[in-house]
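Everything on this sheet refers to the single structure shown next.
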Amino acid sequence: MTAEWPLWEIFIRGQHGMSHRHMGSLHAPDAETAIRNARDVYTRRNEGVSIWVVEAAAITASSPSAKGPMFDPSESKVYRHPSFYDIPDDVGAM
Amino acid sequence: MYAQMVKSTGKGVILREEMSPEERAFQDRIDAGEKIEPKDWMPAGYRKTLIRQIGQHAHSEIVGQLPEGNWITRAPTLERKAILLAKVQDEAGHGLYLYCAAETLGISRDEMTEMLLDGRMKYSSIFNYPTLTWADMGAVGWLVDGAAIMNQVPLQRTSFGPYARAMIRICKEESFHQRQGFDIMMTMARGTDAQRAMAQDALNRFWYPSLMMFGPSDKDSVHSAQSMAWRIKMNTNDELRQKFVDQTVPQAEYLGLTVPDDSLSWNEDKGGYDFAEPDWDEFFEVISGNGPCNADRLAARTKAWDDGAWVREGLLAHAEKKRARERAAQ
């Protein structure tokens, strides 16, 4: 068995000025081919206007076991949301 | 389904008291409807069963291109040809999404391909039946994709994140497949006597193989019980088969075609149809390699794999050379 083509993560920007979103992954020998393949695999129905490809091996991810310490602290900080503040109706839209 | 008779641990659902603390925490997450992601801790049996199931599903998408590919050059109009090409291209895409989902569990796509080619992994029994006439393209879309949708829609809520996400994408596209199949059936059913006869013949040949797609009754299966506890199987085979029949019979009536089952009748009490079981001996023959097209399908996949070797190697060598040149230029 010969070596497998590396894995690429595919990010696509949709029509309406949104940011690129992760769509999935695919194998390709190099970045150019990854873009060409991503076009065929992930934009067959007008899903995108721009493609980013990143070699999966180049991504550093947060560790699942660190999920608690990483993300729990923001749970208690309800004052970061606008709905925390009671503004009287008399003030009007804010 | 595209995944049939997937073996789980074979021990039935593990009791809560017998679980290790990790296993218990894992089961709690699943029961709470949380998604399991690739790097999360998971029991070895969960990983193994999912690789089997997603792998079999992926292989089915890829092998499923063959019976339809047979008709691309023979489609009756240019429009039908373009539609069929788009559908077969979708199937390739579905295979890719699923291989990628399986790869997150620590198996490579090449390994899965080799396991398919040497018989260690299977694909759905349905693709071992031949597509003899153009009406079969209608029957395959309407019945085979219809049966697949029955299974895939609930799997969008499956516990393994990458599998659920692949399913969401696939379901969006699968609906086009079923509708284009029904559209072919409608055109033929409203056509000449010969075309109507062709449509009826396709329904006759694909009805029971479609019912077999759900697999034999698994109400007593220890494998299914564990898979359901893990939420990688969402309904029993009998539930899905019943749902499929209830949905499809009125559609056949609309087409003016006859479902090839004399015992078919509406059962008011259960609010569904009573229907005849397919020939399960035939099913076991087909999944053990003795269906009408098993040898052809595997030969076609093996040829594609072998003939494509120089392309895979060549492009990799080219990419490496290009990288070396870029490094030298820096």
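The values are calculated or read from the model by the stated rules, or taken from the named source; none is laboratory data. Everything numeric in this text was worked out from a predicted model, so none of it was measured. Here the Cβ positions follow ideal geometry from the backbone for every residue, glycine too, while neighbour counts run over all protein chains shown. Side chains included, ligands, DNA and RNA excluded: accessible areas come from the protein's heavy atoms. Shrake-Rupley method; radii C 1.70, N 1.55, O 1.52, S 1.80 Å.
Among B:L143, B:L84, B:L117, whose mean-square fluctuation peaks in a Gaussian network model of chain B (Cα, cutoff 10 Å)?
Maximum among the listed residues: B:L117.
Among B:G191, B:V249, B:F160, whose Cα lies farthest out toward the positive end of the dipole of chain B, if unit charges sit on the beta carbon of Lys, Arg (+1) and Asp, Glu (-1)?
B:F160
If you take each beta carbon of peptide A:21-33 and count the beta carbons of other chains within 10 angstrom, what is the mean?
What the average comes to for A:21-33 is 5.
Would you work out which of B:Y2, B:P67, B:A92 lies farthest towards the positive end of the dipole of the range B:1-109, given +1 charges on the beta-carbon of Lys and Arg and -1 on that of Asp and Glu, about the Cα centre?
Of the listed residues, the answer is B:P67.
Over chain B, what percent of the accessible surface lies on carbon and sulfur atoms, probe 1.4 Å?
Percent of accessible area from carbon and sulfur atoms in chain B: 55.
In terms of the Cα gyration tensor, with a ≥ b ≥ c the square roots of its eigenvalues, is chain B rounded because a/c is under 1.5, prolate because a/b exceeds b/c, or oblate?
oblate
Tell me, what is the percent relative contact order of the range B:192-246, built from C-alpha pairs under 8 Å that lie six or more residues apart?
So the answer I get is 33 percent.
Would you look at the GNM of chain B, springs on alpha carbons closer than 10 Å, and say which of B:M213, B:M115, B:M150 moves the most?
B:M115
About the Cα centre of the range B:160-200, how large is the charge dipole given +1 on each Lys and Arg Cβ and -1 on each Asp and Glu Cβ? Please answer in debye to the nearest 20.
Dipole about the Cα centre, nearest 20: 160 debye.
GNM on chain B, C-alpha springs below 10 Å: top fluctuator among B:P67, B:P21, B:P209?
Answer for the Gaussian network model of chain B: B:P21.
Treat every Asp and Glu Cβ in chain A as -1 and every Lys and Arg Cβ as +1, leave all other atoms uncharged, and give the resulting dipole magnitude about the Cα centre to the nearest 20 debye.
I would put it at about 240 debye.
Taking the convex hull of the Cα atoms, report for the range B:149-235 its projected area averaged over all directions, in nm².
Here the figure is 6.6 nm², rounded to one decimal.
Could you please state, rounded to a whole Å, how far the C-alpha centre of the range B:1-60 is from the C-alpha centre of the range A:2-76?
A separation of 25 Å, based on Cα centres.
If you roll a 1.4 Å probe over chain A with all protein chains in place, what percent of the accessible area is carbon or sulfur?
56
Based only on the alpha carbon positions, what is the Kirkwood hydrodynamic radius of the protein assembly as shown, in angstrom?
With all distinct Cα pairs of the protein assembly as shown included, I get 24.0 Å.
In percent, what relative contact order does chain B have, based on Cα pairs under 8 Å that are 6 or more apart in sequence?
22
Compute the relative contact order of chain A as a whole-number percentage, counting only Cα pairs closer than 8 Å that sit 6 or more residues apart in sequence.
Dividing the mean separation by the residue count of chain A yields 27 percent.
In peptide B:100-110, what is the residue-averaged number of other protein chain Cβ atoms found within 10 Å of each Cβ?
Mean number of neighbouring Cβ atoms from other chains: 3.
Whole Å is fine, so just give me how far the alpha carbon centre of the range B:206-259 lies from that of the range B:280-330.
32
What percentages, rounded to whole numbers, describe P(r) for the range B:250-330 computed over all alpha carbon pairs with 10 Å bin width beginning at zero?
Bins of 10 Å from zero give 13, 18, 18, 16, 13, 11, 8, 3 percent of pairs.
Exposed loop GluC sites (Glu not before Pro) only (DSSP loop, at most 16 other Cβ atoms within 10 Å): please give the longest stretch of chain B free of them, not including the sites.
Longest site-free region, per DSSP loop and neighbour criteria: B:35-267.
Write down the accessible area per residue of the range B:46-110 in Å², having rolled a 1.4 Å probe over the full set of protein chains.
34
State the percent of C-alpha pairs, over all pairs in the range B:1-55, separated by a distance greater than 13 angstrom.
The answer is 65 percent, as a whole percent.
Pulled fully out, how much extra length does the chain show between B:A197 and B:W280, if you take 0.36 nm times their separation in residues and subtract their Cα-Cα distance?
Answer, rounded to one decimal: 27.2 nm.
Charges on Cβ only, +1 for Lys and Arg, -1 for Asp and Glu, centred on the Cα centroid of the protein assembly as shown; of B:P292, B:T302, B:W280, which one is farthest towards the dipole's positive end?
After comparing all options, I get B:T302.
Given +1 on the Cβ of Lys and Arg, -1 on the Cβ of Asp and Glu, and no further charges, what dipole in debye does the protein assembly as shown carry about its Cα centre, rounded to the nearest 20?
That gives a dipole near 1420 debye.
Write down the accessible area per residue of the range B:274-330 in Å², having rolled a 1.4 Å probe over the full set of protein chains.
68
Can you list residues from other chains, or at least 5 along the same chain, whose modelled amide H is less than 5 Å from the amide H of B:G272?
The list, which skips near neighbours in sequence, is B:N267.
Which of the aspartates and glutamates could a cross-linker bridge to B:K87, judged by Cα under 20 Å and excluding same-chain residues fewer than eight apart?
By straight Cα distance, B:K87 reaches A:D40, A:E47, B:E61, B:E68, B:E79, B:D136, B:D145, B:E173, B:E174, B:D183.
Which semi-axes, in whole Å and largest first, does the equivalent ellipsoid of the range B:102-186 have when worked out from the alpha carbon gyration tensor as the square roots of 5 times its eigenvalues?
Value: 27, 19, 9 Å, ordered largest first.
Ignoring ligands, DNA and RNA and using a 1.4 Å probe, state the total buried accessible area between B and A in Å², rounded to the nearest 100.
Its buried surface, counting both partners, is about 2000 Å².
Can you give the average number of partner chain beta-carbon atoms within 10 Å of each beta-carbon in peptide B:37-48, as a whole number?
For this peptide, the per-residue mean of nearby foreign Cβ atoms is 1.
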